[in-house]
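Below is one structure; the comments refer to it alone.
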C-alpha cells in the first residue's frame with residue numbers, strides 16, 4: 001500500500017491541468033471560435049428578433065419544428081450554410097467536452 005505524497009499530488013494535478021489545457025486549445029478552441037463567428041454572421045444576415053416573434057407561441061413541438069424547417073428552407077443559401085456550420089461546431093464542441101471531462105474528474109477509488 002502506497003501513501004500519496006503531497007509532491008505527487010501536486011505533480012499529478014499539474015499534469016491533469018496541462019492535459020486539459022492542451023485539449024481545450026485544440027479542437028474545442030477552434031470549435032468555439034467557429035461557433036461564435038457563425039452566430040455573429042447569422043445575426044448580421046437575419047433579423048433574429050423578428051424570427052422569434054413569428055415563431056408559434058404554443059408548446060406543440062410539431063408546430064415549432066414545421067416553423068423552423070420552413071424558416072430554414074426559405075432563407076438564403078449563406079444563412080443555411082452558416083446554420084449548418086454552427087450546428088456542426090456545436091456538436092464538435094460537445095464531443096470535445098465529453099472527451100476532456102473524464103480527465104478533469106477525480107478518479108473513483110472504490111468499486112460499487
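Data for the structure
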read-out: Every residue from the range 92-105 that is within 22 Å of residue 39 (Cβ to Cβ) and surrounded by fewer than 17 Cβ atoms within 10 Å (Cβ to Cβ); value: 94, 95, 97, 98
read-out: Any hit, the range 68-91, residues being loosely packed, with under 12 Cβ neighbours inside 10 Å and not in a helix (DSSP H, G or I); value: yes
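Results for (1) out of contact with any helix residue (DSSP H, G or I) (no Cβ under 9 Å at 6 or more places or on another chain); (2) touching a residue at least 24 places away in the same chain (Cβ under 8 Å); (3) more than 30 Å from residue 20 (Cα to Cα), shown as yes or no for each residue.
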site	(1), (2), (3)
41	no, yes, no
46	no, yes, yes
52	yes, no, yes
55	no, no, yes
58	no, no, yes
63	yes, no, yes
70	yes, no, yes
80	no, no, yes
85	no, yes, no
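Bear in mind these aren't lab numbers, they're just calculated from the coordinates by the rules spelled out. Note that the structure is predicted; figures quoted are calculated from it, not measured. Using ideal geometry, Cβ is built from the backbone for each residue, glycine included, and neighbour counts are taken over all protein chains shown.
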